[in-house]
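The values are calculated or read from the model by the stated rules, or taken from the named source; none is laboratory data. Bear in mind that the values here come from a model prediction, so they are computed numbers and not experimental data. Cβ placement follows ideal geometry from the backbone for every residue including glycine, while neighbour counts extend to all protein chains displayed.
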Amino acid sequence: MKDNIDFIYEIKINNNLKIQKYFYKILKLVKSKLSVSNKLSLSVNFISDDKSIYLNKTYRNKDYIGDVLSFPIDDEYNIYSQLKFREIGDIFIAPDEAYRKTLKNKNDVFTEFCWLFLHGLLHILGLDHEIDEEAKEMFELTDNILNKINLKYKYI
């Protein structure tokens, strides 16, 4: 078994095959950097702004469009430690919000999608940016991984 990403398109996006290819590259780099040996499975959903607001409000009590939302699977019974693969969760990307974001930060859409996927993936794997030290680690790892695939993200 190899790593698996299920791509679900509520919203059509351009260059989806290129994006899929790069999401797998990002997944491989993240696994290497975090020393994850299990095969991983997750879904990436490209959703409408309305669906993003609904998910963000329902599950995070935030009333705005989330450019990327991530929901890890809790393995409270430690089932995946006994297997060679691990189901890790779901990532939801709002393409229209990502497009609007590129107008502010001047990134191209492809780089924005890669950054959003990577950001969501790191959250699913337990990284966070609520505390300054954790944020520094997470954003340094993000920049390092994007550099390995020749992408440079411009932060606002």
Scope the range 137-156; condition assigned to a helix (DSSP H, G or I), loosely packed, with under 14 Cβ neighbours inside 10 Å and of a type in the set (S, T, N, Q); matching residues: 144, 147
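Residues checked against (1) surrounded by 15 or more Cβ atoms within 10 Å (Cβ to Cβ); (2) under 15 Å from residue 88 (Cα atoms); (3) among the polar types (S, T, N, Q); (4) out of contact with any helix residue (DSSP H, G or I) (no Cβ under 8 Å at 6 or more places or on another chain):
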| residue | (1), (2), (3), (4) |
| --- | --- |
| 10 | no, no, no, no |
| 54 | no, no, no, yes |
| 59 | no, no, no, yes |
| 72 | yes, yes, no, no |
Residues located in the range 107-135, provided they are of a type outside the set (Val, Ile, Thr), more than 16 Å from residue 44 (Cβ to Cβ) and not in a helix (DSSP H, G or I): 107, 108, 126, 127, 128, 129, 130
Counting only residues that are closer than 21 Å to residue 91 by Cα and among the charged types (D, E, K, R), which one in the range 107-136 is surrounded by the fewest Cβ atoms within 10 Å (Cβ to Cβ)? 130
Restricting the range 110-147 to residues that are of a type in the set (Val, Ile, Thr) and in contact (Cβ under 8 Å) with a residue 24 or more places away in the chain, which is farthest from residue 37 (Cα to Cα)? 111
Looking at the range 31-47, which of its residues are under 16 Å from residue 87 (Cβ atoms), within 14 Å of the chain's Cα centre (by Cα) and not hydroxyl-bearing (Ser, Thr, Tyr)? 31, 40, 42, 44, 45
Can you find a residue that is modelled with pLDDT of 95 or more and in contact with a strand residue (DSSP E or B) (Cβ under 8 Å, 6 or more places away or on another chain) anywhere in the range 135-144? no
